[in-house]
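See below for the structure under consideration.
Coordinate-derived values only; no laboratory data. This is a predicted model, so every value here is computed, not measured. All Cβ positions, even for glycine, are placed from backbone atoms using ideal geometry, and neighbour counts span all protein chains on display.
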Amino acid sequence: MTLVSNSANNPGSGPENRSGAKNTEVTTVPLSKRGKPRKGWDKHTWLYMSVIFAVVLGAVVGLLVPDFAVALEPLGKGFVALIKMMIAPIIFCTIVVGVGSIAQAATVGKIGGLALGYFMAMSTIALAIGLVVGNIIHPGEGLDMSSSTYETTGEAATTTDFLLGIIPTTFFSPLTGDNVLQVLFVALLTGFALQALGKRGKPIMRAVKYGQLLVFRVLGMILWLAPIGAFGAIAAVVGKTGIAAIWSLGLLMVAFYITCILFVVVMLGILLYAVTRVNVFSLMKYLGREYLLIVGTSSSESALPRLIAKMEHLGVSKPVVGITVPTGYSFNLDGTAIYLTMASLFIATGMGQPMSISEQIGLLVFMIIASKGAAGVTGAGLATLAAGLQAYRPELVGGVGVIVGIDRFMSEGRALTNFSGNAIATLLIGTWTKQVDRDRVKAVLAGEIPFDESTLDGDHDVADDDAADEIEDATEMAAKAEDAQTGSAQADSVQDNTAQTGPTEAAAGSNREKVTVS
């Protein structure tokens, strides 16, 4: 599962320079696992089709036997309770790893700082766009989801109580409680502490990353119950509301996809053309195979290694690609951001408890932080949505069960938007740092330099943590080498000055001798 080798920071080792023996290559698992068509369905397709069948069956049951359908509501509540159970460990692991990623990206200087600034700006804009669209279309109107509420716990009466409530009783108590802001607080402290420890904190950081893998594996197991949860939740809502529930869910899905398309084509497309003079449709055509891969797996993570290889082939330098793409998969979550805010407003409106402007702003700020580090993982968006609602409006968490029914339909939109945003960001960062070959970009997009599929063994799902550590070590070594070269240059300068000063002083001494003799 290696992501990039140690030479990721060597600008001269790009895919186009194949004469050297130490060129960086993307190492992946066999192509046959993902890149080539299979006979039959894989487990993700089975789950996807099962959820579709469950949603249709739930809607039919809700329309035909509404009283029985309402009695199925505990199925949806049970699934939501399982998702709620995973909120604390997911938020803790993703925030700790995310803060560590900030430190790693910041160590590479201008590229990392520029990339992080761009990612935070675009994620904030995407969240705001989701809020604007949600307030315009008012998704969820006409639904009756009020009985799916949970009791509100720990609601602060004043600002002072709210701020003091963020501080937990013990360091570990947030992990066993339901106060998400306390989990966020402890996770931030842990992340910054590991950042301060430097290399001594690497074993702990690696343990947290493996813990994150475990947590998402458990979440993956829970998601296999999604068809049951979706069936119960959809049946209950349709049984209470009738055809209005189906209309509201359909409106949310259509509005979400239209928003994502406009965001990529209009906003990011205009920005891309203004900075690089590259047409966004040409770039999307170049990445066509990756888009198909994402649609098939419902995860942008599956196309990560191929995106790295293709952006290098396009003409972007390896340092820019090696820093921007992996970091973007944790911090540049445009599609997920749009989904989180629109889905939150849908649930609040559907449960008859719409959010005020101040609550929406608070939710936006929380989502900016909490959504980092879980991009590309199937089910992460649903868990982050539940975490955001739990933090600001705990009584709305029960409405997540209704979203489960259409979450799989919206997952492709999130993944495709996230992927497009990262591809465009890589070209933008490369242009701003002047580390992109514009002539090669034009030639590749025109089809004059086709991508050689043989340079890839295939695709994988999760970047290897050890490889990331190797990249960081290589970056540190490069910085030390640069410092050594600077010191050597200064020493040479001193020697040169001494050499130049010596003859002058000798000549001056000779002149003094001549004056004395005369």
Quote the relative contact order of the range 211-358 in percent (integer), defining contacts as alpha-carbon pairs under 8 Å separated by 6+ residues.
17 percent
Could you work out how far apart the two model spin labels at V65 and A443 are, taking each label as a point 7 Å from the Cα in the direction of the beta carbon, and quote it in nm?
6.8 nm
Can you list the residues, at least 5 places off or on another chain, whose amide H is less than 5 Å from the amide H of V316, using H built in the peptide plane?
D437
Fewest to most neighbouring Cβ within 10 Å: what's the order for V397, V365?
V365, V397
Backbone HN-Hα couplings from phi across the range 325-337 [Karplus 6.51/-1.76/1.60, Hz, Gly and Pro as x]:
5, x, 5, x, 5, 9, 10, 9, 10, 4, x, 5, 4
Please list, ordered by chain and number, the residues whose modelled amide H lies under 5 Å from the amide H of I449; skip anything fewer than 5 residues away on the same chain.
V444
For the range 287-293, what does the Karplus curve 6.51 cos²θ - 1.76 cosθ + 1.60, with θ = phi - 60°, yield as ³J(HN,Hα) per residue in whole Hz, taken in order and with x for Gly and Pro?
9, x, 5, 5, 4, 5, 5
Just subtract the alpha-carbon distance of L188 and V365 from 0.36 nm times their residue separation and send over the number in nm, one decimal.
62.3 nm
To one decimal place, what Kirkwood hydrodynamic radius in Å is obtained for the range 398-444 from all pairs of distinct Cα atoms?
13.3 Å
